[in-house]
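Here's the structure, in structure tokens; my notes come after.
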Amino acid sequence: MADDQSPEPPWTILKILRWTTNYFDDRGIDSARLDAELLLAEVLNLERIELYTQFNRPLVEDELAAFRALIKRRANREPTAYIIGHRHFWEFELKVDSRVLIPRPDTETLIRATLERLDEDSAERLVDIGTGSGAIALTLASERSQLQIAATDDSGDALDVATANAQALSLEERISFFKGDLLDALPDEWLPLDFIISNPPYIAESEREDLQPEVRDFEPADALFAGADGLDVIRRLVADARGALRPGGQLLFEIGYQQGEAVADLLATYDYDEIELLKDYGDRDRVAAARKPDD
């Protein structure tokens, strides 16, 4: 497209996908082919599968110009989800931008663990702490129609994104959104809680330079980093949840894959029962679960 090794026009869908994949590969982008397909599908307003049924379709100049602009952004390591403005999660397409973390498949471990602990007709009271895009709260609302759900975040910008996603999915009547720090955001009438769920910041500051540029340079730092060992927010959450849960209430939250032992010890320090560490799709510790003892 702008390279001495570019093939001759016309630029068909197949030709441009091959060129873009090689271009991204050369720049160290792991998901080169997938990203090329997502960006091109966005420009052409097609589903990804439709690219394969129209391989020989040539692009017109306006389409090429729009695609070049997206290629440049991705080559600078801006996340594809931010470029196209949405990310698939569970069964949804969620709006995402630089105000919120991009939902990841690992978080499905947290959701599945929560659903396993909820009856189909559960009307229990649950809060999603640090909701971001709303991915966790929205998924639980869609799967358990009677569940009472609150979602909090200390970022008003993040809550704007979450609210927009709730409206787009017609779930805005199912979730109450509150701005504030962890459990302090909740009005007293929501207490005590049956479930506290969270995907908190848990990356250590020392790991910052080891992260991919897509994460380190573009996603909101406040939603990623939590002190020297990554546990600053988790310590507060574990302590505060002890007083906010009803007897027998449950706390589940995402953790870093190397934090399992430290988090289990922390939960034991606060006298939680039934402490579990649950594995993600890569067989790594990803979720901590515990129960407040009965009186």
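The values are calculated or read from the model by the stated rules, or taken from the named source; none is laboratory data. Computed from a predicted structure; not experimentally measured. Methodologically, a virtual Cβ is constructed for each residue, glycine included, from the backbone with ideal geometry; neighbour enumeration extends over all protein chains shown.
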Counting only residues that are part of a helix (DSSP H, G or I) and either farther than 11 Å from LYS179 by Cα or not small (Gly, Ala, Ser) (or both), the stretch 132-161 contains a total of 13
Criterion (buried (at least 19 other Cβ atoms within 10 Å of the Cβ), in contact (Cβ under 8 Å) with a residue 12 or more places away in the chain and either more than 27 Å from PHE253 (Cβ to Cβ) or among the acidic types (Asp, Glu) (or both)) met by exactly one of ARG74, ARG57, ARG68
ARG74
Looking only at the stretch 242-279, which residues are under 20 Å from PHE225 (Cβ atoms) and either charged (D, E, K, R) or surrounded by 18 or more Cβ atoms within 10 Å (Cβ to Cβ) (or both)?
PHE253, GLU254, ILE255, GLY256, GLN259, GLY260, VAL263, LEU266
Enumeration of residues in the stretch 208-220 that are surrounded by fewer than 14 Cβ atoms within 10 Å (Cβ to Cβ) and either closer than 12 Å to SER98 by Cα or of a type in the set (A, V, I, L, M) (or both):
ASP217
Residues located in the stretch 7-28, provided they are modelled with pLDDT under 95 and under 24 Å from the mean Cα position of the chain (by Cα)
GLY28
Could you list, in sequence order, all residues of the stretch 56-84 that are under 14 Å from VAL215 (Cα atoms), touching a Phe, Trp or Tyr at 6+ places or on another chain (Cβ under 8 Å) and not in a helix (DSSP H, G or I)?
ARG77, GLU78, PRO79
Checking SER198 against (1) buried (at least 22 other Cβ atoms within 10 Å of the Cβ); (2) more than 18 Å from the chain's Cα centre (by Cα), only one condition comes out false. Which one?
(2)
Exactly one of these conditions fails for GLN146: (1) surrounded by fewer than 18 Cβ atoms within 10 Å (Cβ to Cβ); (2) modelled with pLDDT of 95 or more; (3) not assigned by TED's automatic domain parsing to the domain that holds LEU191. Give me its number.
(3)
What is the one condition in (1) under 25 Å from the mean Cα position of the chain (by Cα); (2) at pLDDT below 95 that ALA2 does not satisfy?
(1)
Cβ-Cβ below 6 Å, separation at least six or inter-chain, first residue in the stretch 83-97 and at pLDDT 95 or above and of a type in the set (Val, Ile, Thr), second part of a loop (DSSP other than H, G, I, E, B) and buried (at least 18 other Cβ atoms within 10 Å of the Cβ): which pairs?
VAL96/ILE102; VAL96/SER133
Can we say TYR52 is surrounded by fewer than 17 Cβ atoms within 10 Å (Cβ to Cβ) and either in contact with a His (Cβ under 6 Å, 6 or more places away or on another chain) or in a helix (DSSP H, G or I) (or both)?
yes
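Taking the condition of being closer than 20 Å to ARG104 by Cβ and β-branched (Val, Ile, Thr), how many residues in the stretch 186-207 meet it?
Applying the first criterion (closer than 20 Å to ARG104 by Cβ) to the stretch 186-207 yields 197-204, 207.
Then keep just the ones that are β-branched (Val, Ile, Thr); that gives 197, 203.
Count: 2.
Would the stretch 120-131 turn up any residue that is in a helix (DSSP H, G or I), in the same structural domain as THR163 (by TED's automatic domain parsing), of a type in the set (S, T, N, Q) and under 16 Å from the mean Cα position of the chain (by Cα)? Steps first, answer last, please.
Here is the first cut: in the stretch 120-131, the residues in a helix (DSSP H, G or I) are none.
Scanning the stretch 120-131, I find no residue that is in a helix (DSSP H, G or I), in the same structural domain as THR163 (by TED's automatic domain parsing), of a type in the set (S, T, N, Q) and under 16 Å from the mean Cα position of the chain (by Cα), so the answer is no.
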If the requirement is being surrounded by fewer than 22 Cβ atoms within 10 Å (Cβ to Cβ) and in contact (Cβ under 8 Å) with a residue 12 or more places away in the chain, which of these qualifies: THR131, THR152, THR109?
THR109
Do we have ALA241 as in the same structural domain as GLY130 (by TED's automatic domain parsing), assigned to a helix (DSSP H, G or I) and either closer than 21 Å to THR131 by Cβ or in contact with a strand residue (DSSP E or B) (Cβ under 8 Å, 6 or more places away or on another chain) (or both) here?
yes
